[in-house]
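To start, the structure itself, in structure tokens.
Nothing in this text is a laboratory measurement; each read-out follows from the coordinates by a stated rule. Source: prediction; values computed, not measured. Virtual Cβ from ideal backbone geometry, glycine too; neighbours counted across all protein chains shown.
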Amino acid sequence: MNPRIEINYSKLVHNTKVLQKQAKEHGIDLAAVTKSFCGIPEIAQGYVDGGVKYLADSRVSNLKKLKKLPIPKVLLRIPMLTEVQEVVAYADISLNSEMETIRNLNIAARDLGVNHKIVLMVDLGDLREGIFEEEEVIEAANEVEGLSNIILHGIGVNLTCYGGVIPSAKNLSKLEALGGAIEKEIGRNLELYSGGNSSSIYLLDRKCMPERINHLRLGEAIVLGTESAYGEKIENTHQDIFQLVAEIIELKEKPSMPIGDIGMDAFGNTPSFEDEGIRKRAILAVGRQDIGSYDVFPVEAGMKILGASSDHLILDLTDAYGDYKIGDEIRFNLRYGALLSLMTSEYVTKKIIY
Ligand SMILES: Cc1ncc(COP(=O)(O)O)c(C=O)c1O
């Protein structure tokens with residue numbers, strides 16, 4: 001069924017292995033992030049086959065789907081108070097920054113008869129989740145140590161996602177120092193120093209990852225083969241594991257300029273156009289309800305995306321090489337935003353190619 005997203009399983013395993021090997025050489029374990037494909041277990045199996053130590057997702061509902069896969073699960077988004085019971089049931093480890101939530105996790109873990117591991121998140125300037133003040137970090141660590149069913153497993157940071165702050169030897173050294181201060185206070189070592197996401201991976205290449213960082217949580221780097229600090233491709237990885245395939249439903253020659261007074265388009269924006277004369281235009285049966293943004297790129301050279309409404313994607317095929325007809329399929333590579341939306345859309349078939 002079209003539109004569909006094709007997932008190349010062996011390429012996913014390859015990317016996972018490449019990053020896993022690189023991380024291992026630096027003494028780092030990987031949590032491979034499953035949210036971009038909504039935690040579909042058959043796809044996550046590729047991460048397991050690629051040898052990562054943990055699976056991670058921001059939503060408990062996805063971790064629930066992954067229950068049968070045989071490696072520990074990490075909850076990435078700090079928990080809601082209303083989901084603590086599910087968190088302790090489906091996540092082995094969760095990232096946390098609020099004592100009230102941690103106290104509630106403790107109650108839920110005690111009620112379930114389990115011990116739950118947490119990673120205390122600190123904010124090193126990106127201004128998303130994490131405790132900001134050093135004294136508060138130490139206070140929190142001390143209190144967690146006193147809880148009956150919560151284990152302070154480590155310390156972590158997230159960078160780049162909100163404030164665009166790039167991980168560096170300097171800011172990640174602060175994580176090390178804070179971890180050291182906690183260890184001194186509680187009288188034992190922390191197991192995990194979780195140094196961020198796909199924006200931290202470039203520090204491995206440059207050989208300037210601080211020594212105690214022993215854990216990264218990678219999504220984009222594995223699924224798209226790109227690091228997210230500078231948007232560079234990662235050597236020896238695939239960028240086309242996930243491809244959108246959409247079908248031509250109309251193919252006609254039309255002028256490039258609409259005819260009539262221009263008001264707002266379907267999304268409230270006022271479009272502008274250049275007069276390029278008569279062009280060969282294709283309409284594909286996929287739209288912004290599925291792709292979200294314009295983060296899709298035709299694989300074949302010479303095609304140009306003209307625009308999209310909720311259910312239609314309009315392409316200029318005038319300069320494309322192929323001789324297209326109705327029913328033909330057009331293939332696209334994706335950036336992260338479109339990948340998220342397409343995998344979430346119930347109108348898009350997901351097909352794993354083994
Ligand atoms: C806390 C946390 N860690 C790691 C990730 C993975 O990020 P990326 O896909 O950039 O590797 C995310 C988001 O998916 C996240 O929210």
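Assorted remarks:
- In nm, spacing of pseudo-spin labels at Arg331 and Met1 (7 Å Cα→C-beta vector): 2.3
- Only the Cβ atoms of Lys and Arg (+1) and of Asp and Glu (-1) were treated as charged; on that basis the dipole of the range 238-328 about its Cα centre amounts to roughly 120 debye.
- Distant-in-sequence amide contacts of His215, defined by a placed amide H-H separation under 5 Å and a gap of 5 or more residues or a different chain, comprise Asp29, Tyr193, Gly195.
- Amide H to amide H distances under 5 Å link Lys350 with Ile5, where only residues 5 or more positions off or on other chains count and H is placed in the peptide plane.
- Rounded to the nearest Hz, the phi-derived 3J(HN,Hα) couplings of the range 195-206 under the Karplus curve 6.51 cos²θ - 1.76 cosθ + 1.60 (θ = phi - 60°) are x, x, 10, 5, 7, 8, 5, 5, 5, 5, 4, 7, where x marks glycine and proline.
- Burial ranking of peptide ranges 139-151, 4-16 (average Cβ count within 10 Å, highest at the top): 4-16, 139-151
- What the Kirkwood sum gives for the range 242-353 is a hydrodynamic radius of 14.7 Å, with every pair of different alpha carbons counted.
- Residue-by-residue Karplus 3J(HN,Hα) for the range 105-121, coefficients 6.51, -1.76, 1.60, Hz, glycine and proline x: 4, 4, 4, 5, 5, 4, 4, 7, x, 10, 9, 10, 8, 10, 10, 7, 8
- Distance from the range 1-51 to the range 324-354 (C-alpha centre basis), Å: 18
- Rounded tilt (10° steps) of 169-186 against the dominant C-alpha axis of the chain: 30
- Bridge type composition, the chain - antiparallel percent by DSSP, nearest 5: 45
- Over the chain, DSSP H runs of length four or greater, each weighted -39,500 (n - 2.57), average out per residue to a 222 nm ellipticity of -8500 deg cm²/dmol.
- Calculated FRET value between Leu112 and Ser61, using beta carbons and R₀ = 25 Å, to 0.05: 0.90
- Cα centroid separation - the range 163-211 against the range 272-302, whole Å: 42
- Rounded if a/c under 1.5, otherwise prolate or oblate - the range 1-152, Cα gyration tensor axes: prolate
- Around Gly219: net Lys/Arg minus Asp/Glu count, Cβ-Cβ under 12 Å: -1
- Stokes-Einstein D for the chain, Kirkwood Rh over Cα pairs, 37 °C, 0.692 mPa s (µm²/s): 149
- Debye log10 I(q)/I(0) for the range 143-268, one point scatterer per Cα, at q = 0.15 Å⁻¹: -0.82
- Rounded to the nearest 20 debye, the dipole magnitude of the chain is 1060 debye, with +1 charges on Lys and Arg beta carbons, -1 on Asp and Glu beta carbons, and the Cα centre as origin.
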